[in-house]
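Read the structure below first, then the notes.
The values are calculated or read from the model by the stated rules, or taken from the named source; none is laboratory data. As the structure is a prediction and not an experimental result, all values here were calculated from the model. As a convention, Cβ positions derive from the backbone with ideal geometry for all residues, glycine included, and neighbour counts pool all protein chains shown.
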Amino acid sequence: MKKALIIIFVVVAIAAIYSWSIYNKMITLNEEVNNQWAQIETQFQRRFDLIPNLVASVKGAMQQEQKVFGDLAEARTHYANAKTVDAKAEAAGGVESAFARLLVIMENYPQLKSIETVQTLMAQLEGTENRVSVERKRYNDLARDFNVMIKRLPANLFASWFGFGERQYIQSVAGAEQAPVVNF
């Protein structure tokens, strides 16, 4: 009788230790998946922060070019419409001023400074997209490890007892295979 109780106690103890071990492993893997999702969200936030800056910079670049050329065209029109010497002198000063700004921009850098900003932001956005891709892969790898664990016997019994469910993989959204059209 004592031998049977000892065997039952040992079996229960082993089952309890095994259950505890499985539970702790599930908790660990679940938290790793959660942590990896947080890393993805961090990269998403970086992307969301960069995109408005990129759009604003592109718009700024276009406005800067348009402003210089617009100022030149306006100054030339003022000169052509000027009737008096003073009006022509004033209009010529406007042309020279606009032209000088264009030369300064062109001399300082062959491309407009704002274009450099656009290129920098694009490089940062590309880097962020690469980070998102890496973090998604890491997430999917951890989700796979977790899902495999909770589907295998006997861990699947413990998973259902402890309320652990399958984690979804991050997949491409419908239509992602088509490149977006950008119109300014």
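Identify, please: which residue in the stretch 137-184 is modelled with pLDDT of 85 or more and more than 30 Å from A16 (Cα to Cα) and is, among those, surrounded by the most Cβ atoms within 10 Å (Cβ to Cβ)? Among those that are modelled with pLDDT of 85 or more and more than 30 Å from A16 (Cα to Cα), it is Y139.
Taking the criterion of being among the acidic types (D, E) and in contact (Cβ under 8 Å) with a residue 40 or more places away in the chain, the only residue of the stretch 11-39 that qualifies is E32. When each of V11, V95, V85 is tested for being more than 30 Å from the chain's Cα centre (by Cα), more than 30 Å from A143 (Cβ to Cβ) and at pLDDT 65 or above, the lone residue that passes is V11.
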